1. What are the equivalent ellipsoid semi-axes of the range 521-641, built from the alpha-carbon gyration tensor (square roots of five times its eigenvalues), in whole angstrom, biggest first?
2. Going highest first, how would you order 476-485, 542-551, 43-52, 321-330 by mean Cβ packing within 10 Å?
3. To the nearest 20 Debye, how big is the dipole of the range 10-136 about its Cα centre, given +1 on the beta carbon of each Lys and Arg and -1 on that of each Asp and Glu?
4. Tell me the Rg and the Dmax, in Å, that the Cα atoms of the range 81-172 produce.
5. Which three extents, in whole angstrom, do the alpha-carbon atoms of the range 584-642 cover along their principal axes, largest first?
6. In whole percent, and with a 1.4 Å probe on the protein chains, what portion of the accessible area of the range 521-641 is carbon and sulfur?
7. Mind checking which of Ala84, Phe121, Val47 is farthest towards the positive end of the range 10-136's charge dipole, using Cβ charges of +1 (Lys, Arg) and -1 (Asp, Glu) about the Cα centre?
8. Give the lysines whose C-alpha is closer than 22 Å to that of Lys608, dropping any in the same chain fewer than 8 places away, or say none.
Amino acid sequence: MACLLETPIRMSVLSEVTASSRHYVDRLFDPDPQKVLQGVIDMKNAVIGNNKQKANLIVLGAVPRLLYLLQQEASTTELKTECAVVLGSLAMGTENNVKSLLDCHIIPALLQGLLSPDLKFIEACLRCLRTIFTSPVTPEELLYTGPDHQTILFNHGAVQNIAHLLTSLSYKVRMQALKCFSVLAFENPQVSMTLVNVLVDGELLPQIFVKMLQRDKPIEMQLTSAKCLTYMCRAGAIRTDDNCIVLKTLPCLVRMCSKERLLEERVEGAETLAYLIEPDVELQRIASITDHLIAMLADYFKYPSSVSAITDIKRLDHDLKHAHELRQAAFKLYASLGANDEDIRKKIIETENMMDRIVTGLSESSVKVRLAAVRCLHSLSRSVQQLRTSFQDHAVWKPLMKVLQNAPDEILVVASSMLCNLLLEFSPSKEPILESGAVELLCGLTQSENPALRVNGIWALMNMAFQAEQKIKADILRSLSTEQLFRLLSDSDLNVLMKTLGLLRNLLSTRPHIDKIMSTHGKQIMQAVTLILEGEHNIEVKEQTLCILANIADGTTAKDLIMTNDDILQKIKYYMGHSHVKLQLAAMFCISNLIWNEEEGSQERQDKLRDMGIVDILHKLSQSPDSNLCDKAKTALQQYLA
């Protein structure tokens with residue numbers, strides 16, 4: 001019976017709370033415009049800093065009424081402005097508040113408000129929009145994002161209208177102008193090329209940015225200026241060897257990585273530097289020897305330390321919650337630093353506990369940290385030396401296989417790409433990876449809708465099949481299935497097709513393997529080869545296909561599948577006379593393997609090919625200006641003379 005009392009108590013508390021808020025909403029419907037205005041002003045004062053009151057007013061339906069008043073032509077500008085201020089205050093509450101505002105279609109109403117001639121109303125709408133768009137629950141696509149929108153802003157004179165604001169007396173205005181330029185320039189060559197030549201008070205924009213990243217300027221200004229120059233450099237508007245990049249931007253970003261800086265500054269500095277140096281080996285080398293950067297980044301994993309200088313408890317609590325962002329940024333920068341140079345990779349791996357830290361990063365709860373750790377590992381896996389030593393010592397393949405079992409596509413793409421490296425024939429990890437069920441996992445990837453995953457799946461299988469024993473090749477064919485193999489051979493993605501041909505070529509190597517595979521799959525393989533040679537494919541695809549035929553021709557029994565197929569023989573003859581030397585050479589390999597003297601049945605094969613006019617073509621090719629082709633033709637002719 002006692003349980004029955006709970007509901008009335010809850011109801012009375014709720015009705016008490018909402019009753020105290022209801023009169024605010026009721027006043028919004030008063031027929032007297034002056035009373036409505038006073039009601040909105042009172043509501044504004046009631047919600048400031050009071051999340052409970054904000055939630056109550058939203059529940060009671062204040063938002064639709066405020067938006068109605070904001071959009072009414074009959075409303076005074078003062079009323080509209082006060083409505084926008086209250087809506088902005090409601091947006092500053094919880095994420096649920098923002099969701100409720102979005103559900104009421106607040107964005108179009110506020111954007112419409114920007115057309116008003118009244119500056120105070122425009123400012124109130126902009127403040128509210130800014131609050132809403134800085135919330136993580138607001139979908140970015142509701143406002144301008146992406147290259148198309150950068151171009152729209154650019155075409156409407158954004159660059160010219162914002163440029164003069166960089167000389168404003170107000171620091172806040174200068175900063176917002178800088179931030180606008182960084183957003184406009186990001187991955188946009190058209191905007192970046194224009195920015196390079198913009199003059200502000202007789203000074204070029206890049207020179208102004210360089211002045212703004214000097215040490216005596218506020219850190220926020222230094223960082224944002226460095227981002228502008230970084231984005232312009234990556235978009236091709238500033239050369240990577242330009243002094244403003246090498247002597248100004250890069251050192252500034254390295255400074256941001258020092259432990260004297262705040263957490264978010266260190267994160268932004270490292271991530272921007274990673275982006276700047278990613279494609280350029282010289283910048284990677286310069287960064288690696290600037291201010292002991294590689295060792296400095298190791299501190300990102302020890303944060304906050306027991307001897308941390310942070311005395312502000314709130315700051316410490318914030319940093320503890322965001323420490324994973326430091327690890328993510330460090331992994332990203334290590335990945336860029338080690339992208340090309342063997343010595344840098346060695347330095348990174350020799351940094352204290354680095355391999356252990358990366359392996360730990362692979363199983364972190366944050367998807368972004370896991371992705372950055374995999375990228376870092378992938379970058380380091382480009383080193384033959386490290387694949388043979390550090391990667392084996394730390395059994396990196398184990399956590400990597402775990403990552404591949406269940407991860408978002410963005411992680412799968414990088415992890416599977418790294419697996420391709422671990423499956424190279426000189427890698428000691430190849431054997432244990434095979435034993436851990438990699439074949440089925442990779443065959444599964446080839447069925448993905450994501451082309452990058454299909455490429456990596458088939459690429460890894462290609463590496464796995466290279467000089468592999470018969471059992472592994474049989475496992476690959478069984479798990480992949482001939483149906484899937486031929487689907488991949490007709491894939492619309494060129495990379496998938498090329499890697500599938502590479503896989504076939506590796507499967508069809510060494511005579512016993514060639515004969516075995518062709519005895520079970522010969523008909524389908526010959527059919528696929530015919531279709532590709534007849535299709536509208538590029539030189540590289542046809543060259544790979546002819547090389548597969550050359551491998552088949554190297555088999556003992558498999559070569560009969562070519563000799564009994566007049567259509568294929570005619571195609572080989574056609575490519576011997578092709579205008580492209582690569583295809584001529586590949587066709588020559590087929591012929592050489594078919595007519596080789598020391599093999600059984602060579603005389604009959606030579607006779608058949610002579611009747612087809614192959615010897616005449618060989619004589620012609622022996623006069624070729626291409627020395628390689630000429631030598632191959634002469635060697636083949638000797639088989640007829642022997």
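1. Working: eigenvalues 84, 70, 25 Å².
Sorted largest first and rounded, they come to 20, 19, 11 Å.
2. Values: 476-485: 16.8, 542-551: 23.1, 43-52: 15.2, 321-330: 20.5.
Output ranking for 476-485, 542-551, 43-52, 321-330: 542-551, 321-330, 476-485, 43-52.
3. About 340 debye.
4. When restricted to the Cα atoms of the range 81-172, Rg and Dmax are 14.7, 40 Å.
5. Here the Cα extents, ordered largest to smallest, are 33, 20, 20 Å.
6. On the way: 2890 of 5860 Å².
Result for the range 521-641: 49 percent of the exposed heavy-atom area is carbon or sulfur.
7. Working it through, the farthest residue towards the positive pole turns out to be Val47.
8. Cα-Cα hits under 22 Å: Lys523, Lys559, Lys571, Lys573, Lys620, Lys632, Lys634.
The values are calculated or read from the model by the stated rules, or taken from the named source; none is laboratory data. In this text the structure is predicted, and so the values were computed from the model without any measurement. All Cβ positions, even for glycine, are placed from backbone atoms using ideal geometry, and neighbour counts span all protein chains on display. SASA here: full protein model, heavy atoms, side chains in, ligands and nucleic acids out. Shrake-Rupley method; radii C 1.70, N 1.55, O 1.52, S 1.80 Å.
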